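A short write-up of the structure that comes next.
The values are calculated or read from the model by the stated rules, or taken from the named source; none is laboratory data. Only a predicted model underlies this, so the values are computations on that prediction, with no experimental measurement involved. A quick note on method: Cβ atoms are made from the backbone with ideal geometry, for glycine too, and the neighbour counts reach across all protein chains shown. Surface accessibility is based on the protein's heavy atoms, side chains included, excluding ligands, DNA and RNA. Shrake-Rupley method; radii C 1.70, N 1.55, O 1.52, S 1.80 Å.
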Amino acid sequence: MTAPLLEARDLTYCYPGGVPALSGLDLIVTRGRRLAILGPNGAGKTTLLLHLNGTLRPASGRILLDGLAGGYDRAGLAAWRRRVGLVLQEADDQLFAASVAEDVSFGPLNLGLDDEAARRRVDEALAALGLTELAERPTHMLSFGQKKRVAIAGAVAMAPEILLLDEPTAGLDHSGARHLLAVLEKLGRAGTTLVFSTHDVDLAYAFADEVALFDDGRMLAQGPAPDLLADAGLLAKARLEAPFLLEMGLKTKSLGLLAADAPLPRRPQDMLKLLEQVAARHAGEMGRVRSR
């Protein structure tokens, strides 16, 4: 079994006033996998992400990076955050420089890179997020979706091994969400391990390799996305409903339109392709009937 790249063990944390936020929580992040932390609003997903990059310190339990406990002193946190980047849901909370390029360059320059190396990192991050033409634009003149991409570019420019994203598609229109997911998919193929929180079961089903079902500060289960999201009992405990495409896929199998051992369609284009195949098969069968 592959050793976890990042791991939370028995995390407990309370908000000010003693309100429980995380209760004995365990989580495993595997290198190269896309993990969705899935649960309803208010379940504590953001609090968990803030622990995974050392922003919050648990009351008890540990965060392990490559099997070693993270350090909360200045040097330990700096080393931790070089490897584990975080993008918050509200991009305005992370943007503070006058222009897009200046904002994205902040992280690389603070890594101690020289100007040329930092500029190369910034150029690559801007290109990856489709922001090259906006490099000199003031950050206060960006749209919501552009601000979100700039925040991600700032994290990408740090070249983290793991990128944590809090509700990455929240507030984006369909086109913006699709573009952002294409960018994240490209980052994943390039070797970045992606962990994102969401309450959107359809997003988790379409995009994640694994899902960690989460509610009320506790991890209910973690495993392959198609398996966990087909478990009606687990979803009910997490106060969630099954993804629409998964339900359609299961229905096609029950009707004999898809082989029992065939993988279920997980993206709209997969379902459209399946429907085209079913239609072609039906047309062929009707043609044979008429020729008799």
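Considering the dipole of the chain built from charges on the beta carbon (Lys and Arg +1, Asp and Glu -1) around the Cα centre, which of VAL183, GLY249, ALA59 is farthest to its positive end? My answer, from the dipole projection, is GLY249. Each residue, ALA97 and CYS14, gets one label point 7 Å from its Cα in the Cβ direction; the gap between the two is 4.1 nm. For the range 114-155, the Cβ-based charge dipole about the Cα centre amounts to some 320 debye (Lys, Arg positive; Asp, Glu negative; other atoms uncharged). Each other residue within a Cβ distance under 11 Å of PHE196 adds +1 if Lys or Arg and -1 if Asp or Glu, for a net charge of -1.
Averaging the sequence gap over all C-alpha pairs within less than 8 Å and six or more residues apart, then dividing by the number of residues, gives the range 1-87 a relative contact order of 33 percent. The order of THR169, THR132 by accessible area, most exposed first and with a 1.4 Å probe, is THR132, THR169.
For LYS186, a cut-off of 21 angstrom between C-alpha atoms picks up these lysines, skipping any fewer than 8 places away in its own chain: LYS147, LYS148. As a calculated quantity, the FRET efficiency between ASP26 and ASP173 at R0 = 41 Å, using C-beta atoms, amounts to about 0.70. The modelled label-to-label distance for the pair ASP209/LEU275, using points 7 Å beyond Cα in the direction of Cβ, is 3.1 nm. Here the sum of -39500 (n - 2.57) over DSSP H runs of 4 or more residues, divided by the residues of the chain, equals -13000 deg cm²/dmol at 222 nm, to the nearest 500. Within the chain, DSSP assigns beta bridges of which about 55% are antiparallel (rounded to the nearest 5). Loop-located chymotrypsin sites (Phe, Trp or Tyr not before Pro) in the range 4-89 (DSSP state not H, G, I, E or B) with no more than 13 neighbouring Cβ atoms inside 10 Å: TYR72. Of the peptides 36-46, 60-70, the order by per-residue mean of other Cβ atoms within 10 Å, starting with the highest, comes out as 36-46, 60-70. Distance from the C-alpha centroid of the range 1-55 to that of the range 174-198: 20 Å, rounded to the whole angstrom. Among LEU6, PHE106, ALA259, whose Cα projects farthest towards the positive end of the dipole of the chain, with charges put on the beta-carbon of Lys, Arg (+1) and Asp, Glu (-1)? Checking the options against the dipole of the chain, the answer is ALA259.
For helix 174-189, report the angle its Cα long axis makes with the longest principal axis of the Cα atoms of the chain; keep it between 0 and 90° and round to the nearest 10°. That helix lies at roughly 70 degrees to the long axis.
Using a cutoff of 8 angstrom between alpha carbon atoms and counting only pairs six or more residues apart, the relative contact order for the range 157-292 works out to 16 percent. Rolling a 1.4 Å probe across the protein heavy atoms gives the chain an accessible surface of 51 Å² per residue. In this structure, GLU124 and LEU64 have a Cβ-Cβ separation that, at R0 = 30 Å, corresponds to a calculated FRET efficiency of about 0.50. Ranked by the mean number of other Cβ atoms within 10 Å per residue, highest first, peptides 25-33, 193-201 order as 193-201, 25-33. Among 94-100, 172-178, sorting by the average number of other beta carbon atoms lying within 10 angstrom of each residue, highest first, gives 94-100, 172-178. For THR2, the shell of other residues with beta-carbons less than 10 Å away shows a net charge of +2, using +1 for Lys and Arg and -1 for Asp and Glu. Give the carbon-plus-sulfur fraction of the accessible surface of the range 187-254 in %, rounded to a whole number; probe 1.4 Å, heavy atoms of protein chains only. Carbon and sulfur together cover 52 percent of it. Calculated from the structure at hand, Cα Rg over 2.2 N^0.38 Å is found among [x] 1.13; [y] 1.30; [z] 0.96 as [x]. Of the GluC sites (Glu not before Pro) found in the range 70-162, those that fall in a DSSP loop while having at most 12 other beta-carbon atoms within 10 Å are GLU136. Short-range pairs are left out: with C-alpha atoms under 8 Å and at least six residues apart, the relative contact order of the chain is 22 percent. Rounded to the nearest 20, the Cβ-based charge dipole of the range 141-245 about its Cα centre (Lys and Arg +1, Asp and Glu -1) stands at 420 debye.
Taking Cα centre as origin and charging only the Cβ of basic (Lys, Arg, +1) and acidic (Asp, Glu, -1) residues, the dipole magnitude of the range 203-292 rounds to 620 debye.
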